[in-house]
Amino acid sequence: MDVSSSEVLARLLRAARLVEELFEERLRRQPGRTITNVGDFDLLQTLRRAAPGHALTPGQLMRHLVVSSAGLSGRLNRLERDGWIVRTASPDDRRRSLVSLTVQGRQEFDRRLEDHLAVERELLSVLDARERLVVGALRKLLLVLEAPE
């Protein structure tokens, strides 16, 4: 029986869990405002990359983060309460809201992002340039997994 597929997927799942644990442990040790988990960090990072104005609608965030409406609501409530984000009415349609980073949230997130990227680089430093080409294979796998049915 060929179990090579299970070997690959088991290692991907284990690596993903360990990386998430490492990131969350590092997030908890950061001074200043709390970032509760990797999901909250991803939301802040998605807003930081959004241009112009670092603002997105909740619907756009749901699509970028692949999260349910209830899951997004919890994240937004927590991050707003902690001063990372603000929700405002859209200037184009007052029935829609825009989510954006606060000025202080953006400044603090930028500092944390530098530290986070350093951890990512350190983590991947064990791979040589050829081994890092796995990103193309992972992108291809994700396209299949994320494709609408």
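Relative to the dominant Cα principal axis of the chain, helix 134-146 is inclined by about 60°.
Over all distinct alpha-carbon pairs, what is the Kirkwood Rh of the range 43-149 in angstrom? Its Kirkwood hydrodynamic radius stands at 16.0 Å. Taking Cα atoms only, the orientation of helix 4-29 departs from the longest principal axis of the chain by about 40 degrees.
In units of 2.2 N^0.38 Å, what is the alpha-carbon radius of gyration of the range 1-81?
So the Cα radius of gyration is 1.37 times the expected 2.2 N^0.38 Å.
Calculated mean residue ellipticity at 222 nm for the chain: -21000 deg cm²/dmol, from DSSP H runs with n ≥ 4 weighted as -39500 (n - 2.57), summed, divided by the residue count and rounded to 500.
Remark: the range 1-90 carries 62 Å² of accessible area per residue (probe radius 1.4 Å; ligands, DNA and RNA excluded). Note on the range 42-56 and the range 68-140: Cα centroid distance 7 Å, given to the nearest whole angstrom. Here the chain has 56 percent of its accessible surface on carbon and sulfur atoms, given a 1.4 Å probe and all protein chains in place. Between helix 38-49 and the chain, what is the angle of the helix's C-alpha long axis to the longest principal axis, kept within 0 to 90° and rounded to the nearest 10? The angle comes out at about 70 degrees.
The values are calculated or read from the model by the stated rules, or taken from the named source; none is laboratory data. Predicted model, so just to flag it, every value in this text is computed and none were measured. Note: accessible area is taken over every heavy atom of the protein model, side chains too, but ligands, DNA and RNA are not part of it. Shrake-Rupley method; radii C 1.70, N 1.55, O 1.52, S 1.80 Å.
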